[in-house]
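Engineer: Encoded as structure tokens, here's the structure I'll be asking about.
None of the figures in this text is laboratory data; all of them are computed from the coordinates on show. Predicted model only: the values in this text are computed from it and were never measured. In this analysis, Cβ positions are derived from the backbone assuming ideal geometry, glycine residues included, and neighbour counts consider all displayed protein chains.
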């Protein structure tokens, strides 16, 4: 190992997105997401632990602890025992306290045929987490069945040193537009409901056929992502109309965009930005077809390299400000938390992420039934929706902190009306 590599591994500055997540930490909220794979045979926890021990050193920004400095937080290598696999829990994505669990910010669970990885968002986004999960799964299958599994795609070679590009803060590399576009936000409709007790997360999964959903989406001249965005907006709009006491407001969805699609980065850390497709019912009544058209046009207009570069340049401007750099961390935390609570969190009615169609090495395919993804506990009382597909199985995973399920019910009802067959599972 070179002297440069050794120095690089001493500590890692939090990336541009990761700076925000620890600031929002509360006793009842933690920025934790979950990825899971359902195998075709029952999981052996002993072999899973062996596979985890072999996998974690390959991901130094996940085998890390978060530390607090005078001006910034940072990640440092974590050589304490762990993390340790454990039986799954009914309420996933529970808060991660930075000094608990030997300071690890990842958890690995097993239940029946399922392997689940939970990670704090300060370590990385879903792409980085999926690399960890698939590499872990490949190691487990090699140990269990002596499977011949190639190192490709999300499966990395655990014997190799990490590529420097996997560890970079890609935001700062590509935040180089010559202007910082302003952020225009307006308070949106928020779903009311009975808040669940600490710490309860309601999970509803819809399992369906990719080809069937694609066929329906094509009828509306839309992609699967555009169609499912429109279905969620439609359900939220109907919910707002039923809440007669609620003043009409815009309905918007917070949707992360994977910037690796537009900028050549291999980073396993955070590299996403948010867009907000939506409608404004105050302008008049929307048919479902009009909502699909609105989402389709919005996506075409917003999701391109020029707009996205401008967006991350706006995000990076504050971190580059020499004055802000020397402001003590507790003041930064107060300002960021206030901005997020009063402005950013109110800019969307729900969250939706689509990880797209997952590919695995050919040697893994026959062992895997499906994948799931959960955005985790919402910051405020609402629902989050996450979509992922593998082969012909598409899963829509809702995670909510309120008891009522009107939005989820409306979402799946619309799919059924459009001819999509949906199998529902829940942790309740």
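Engineer: Provide 210, 396 in ascending order of the number of other Cβ atoms located within 10 Å of each residue's Cβ, fewest first.
Structural biologist: Working: 210 15, 396 28.
With the sparsest Cβ surroundings first, the list reads 210, 396.
Engineer: Moving on to the next point. Which order do the peptides 358-367, 167-176 come out in when sorted by mean C-beta neighbours inside 10 angstrom, highest first? Walk me through the numbers on the way to the answer.
Structural biologist: Details: 358-367: 16.3, 167-176: 18.7.
Put in order of decreasing packing, that is 167-176, 358-367.
Engineer: Which ordering of 68, 178, 63 is given by a fewest-first count of other beta-carbon atoms within 10 Å? Let's see the in-between values first.
Structural biologist: On the way: 68 13, 178 7, 63 22.
Lowest to highest Cβ neighbour count: 178, 68, 63.
Engineer: Right, next: Counting DSSP beta bridges in the range 280-428, what percent are antiparallel, to the nearest 5?
Structural biologist: Details: 8 of 14 bridges.
Looking only at bridges with both residues in the range 280-428, the antiparallel portion is about 55 percent.
Engineer: Going by how many other beta carbons lie within 10 Å of each one, how would you line up 225, 287, fewest first? Walk me through the numbers on the way to the answer.
Structural biologist: Details: 225 19, 287 9.
By the 10 Å Cβ count, ascending: 287, 225.
Engineer: Which value in deg cm²/dmol, rounded to the nearest 500, describes the helix-derived mean residue ellipticity at 222 nm for the chain, given -39,500 (n - 2.57) per DSSP H run of n ≥ 4 and division by the residue count?
Structural biologist: Only helices count here, giving -9500 deg cm²/dmol.
Engineer: For the chain, what relative contact order do you get, as a whole percent, if you take Cα pairs closer than 8 Å and at least 6 residues apart? Intermediate results must be reported in sequence, preceding the final value.
Structural biologist: On the way: 812 pairs, mean separation 103.5, N = 428.
Once normalised by length, the contact order is 24 percent.
Engineer: Right, here's the next one. Can you say what percent of the DSSP beta bridges in the chain, counting only those with both residues inside, are antiparallel? Round to 5. Write out the running numbers ahead of the final one.
Structural biologist: Values: 54 of 65 bridges.
Antiparallel: roughly 85 percent of the beta bridges in the chain.
Engineer: Output the peptides 29-37, 341-349 sorted from most to least packed, where packing is the average of other Cβ atoms within 10 Å over each peptide's residues. Walk me through the numbers on the way to the answer.
Structural biologist: Working: 29-37: 23.3, 341-349: 17.3.
So the order, starting with the most tightly packed, is 29-37, 341-349.
Engineer: Computed on alpha carbon atoms, what radius of gyration and Dmax characterise the chain, expressed in Å?
Structural biologist: 21.2, 66
Engineer: Further, regarding this structure: Taking every eigenvalue of the Cα gyration tensor of the range 284-428, multiplying by 5 and rooting it, what semi-axes result, largest first, whole Å? Mind dumping the intermediate values first?
Structural biologist: Details: eigenvalues 224, 92, 76 Å².
With the √(5λ) rule applied to the range 284-428, the semi-axes are 33, 21, 20 Å.
Engineer: Have a look at the range 3-174 and give its Rg and Dmax from the Cα atoms, expressed in angstrom.
Structural biologist: 15.9, 49
Engineer: When only C-alpha pairs under 8 Å and at least 6 residues apart count, what is the relative contact order of the range 1-147, in percent?
Structural biologist: Numbers: 226 pairs, mean separation 49.2, N = 147.
Answer for the range 1-147 is 33 percent.
Engineer: How do the peptides 252-258, 89-95 rank, highest first, by the average count of neighbouring beta carbon atoms within 10 Å per residue?
Structural biologist: Details: 252-258: 21.6, 89-95: 17.1.
Going from most to least packed, we get 252-258, 89-95.
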